[in-house]
Amino acid sequence: MPGRRKFFLVMFRAELEDSLEDIEYLGEIYERRYRNNEITNYVYNENEAFLHHEAAGLKNLITLIDSFNPEDFQTVTELAQAVDVFLKKRIEEFDNPQVVYGIIKRKINKILAYIGQRDSD
């Protein structure tokens with residue numbers, strides 16, 4: 001029964017989309033701070049470039065989540081490990097900022113903790 005494995009993938013996608021929204025919100029904060037002369041043009045542009053690169057990386061990875069079939073794995077833990085390894089490799093191939101992998105890893109661990117990491121699936 002792939003219920004927990006499918007739930008993992010659904011939650012993982014939702015968590016990454018939430019992180020993407022957080023990045024976009026942070027960009028709005030930087031823009032407001034720039035308009036209020038709280039940060040320089042240089043700092044604003046550097047932050048925007050970094051956030052754009054980070055967001056692009058997450059968007060690419062979100063589309064890859066659909067390539068996983070929960071029925072191909074025996075347990076949630078096995079699926080989570082496969083997702084982790086696969087996305088880490090893609091992050092390196094796409095030359096994404098390392099922080100993107102940090103986001104991925106935290107979200108995987110968060111979901112595993114939430115669902116109890118039970119392999120009884």
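Each value in this text was obtained by applying a stated rule to the coordinates, not by laboratory testing. Just so you know, these numbers come straight off a predicted model, no measurement behind them. When we count neighbours, we look across all protein chains shown, and the Cβ atoms used for this are built from the backbone with ideal geometry, even at glycine.
Against the definition (crowded, with 17+ Cβ neighbours inside 10 Å and more than 12 Å from I104 (Cα to Cα)), how does Y25 come out, yes or no?
no
Output the qualifying pairs, or none if there are none: Cβ atoms under 6 angstrom, residues six or more apart or on different chains, first residue in the stretch 1-20 and within 10 Å of V76 (Cβ to Cβ), second residue surrounded by 13 or more Cβ atoms within 10 Å (Cβ to Cβ) and of a type in the set (D, E).
R4/D121; R5/D121
Working only within the stretch 29-75, note down all residues that are under 30 Å from G3 (Cβ atoms) and either of a type in the set (A, V, I, L, M, F, W, C) or touching a His at 6+ places or on another chain (Cβ under 8 Å) (or both).
L58, L61, I62, L64, I65, F68, F73
Sort through I29, I104 and tell me the only one that's assigned to a helix (DSSP H, G or I), β-branched (V, I, T) and out of contact with any helix residue (DSSP H, G or I) (no Cβ under 9 Å at 6 or more places or on another chain).
Exactly one residue qualifies, and that residue is I29.
Of everything in the stretch 57-73, what is part of a helix (DSSP H, G or I), within 18 Å of R90 (Cα to Cα) and either in contact with a Pro (Cβ under 6 Å, 6 or more places away or on another chain) or touching a residue at least 40 places away in the same chain (Cβ under 8 Å) (or both)? Give them in sequence order.
G57, L58, L61, I62, I65
For A113, all conditions in the list (1) in contact with a Phe, Trp or Tyr (Cβ under 6 Å, 6 or more places away or on another chain); (2) loosely packed, with under 13 Cβ neighbours inside 10 Å; (3) aliphatic (A, V, I, L, M) hold save one; what is the number of the exception?
So the condition that A113 fails would be (1).
Would you point out which residue out of E38, E15, E48, E92 is surrounded by 11 or more Cβ atoms within 10 Å (Cβ to Cβ), outside any helix (DSSP H, G or I) and among the charged types (D, E, K, R)?
Answer to the selection: E38.
Test Y30 against the criterion of being surrounded by fewer than 16 Cβ atoms within 10 Å (Cβ to Cβ) and not β-branched (V, I, T), and give yes or no.
no
Considering (1) within 26 Å of F94 (Cβ to Cβ); (2) in contact with a helix residue (DSSP H, G or I) (Cβ under 7 Å, 6 or more places away or on another chain), say which one Y34 fails and leave the rest.
Condition (1) is where Y34 drops out.
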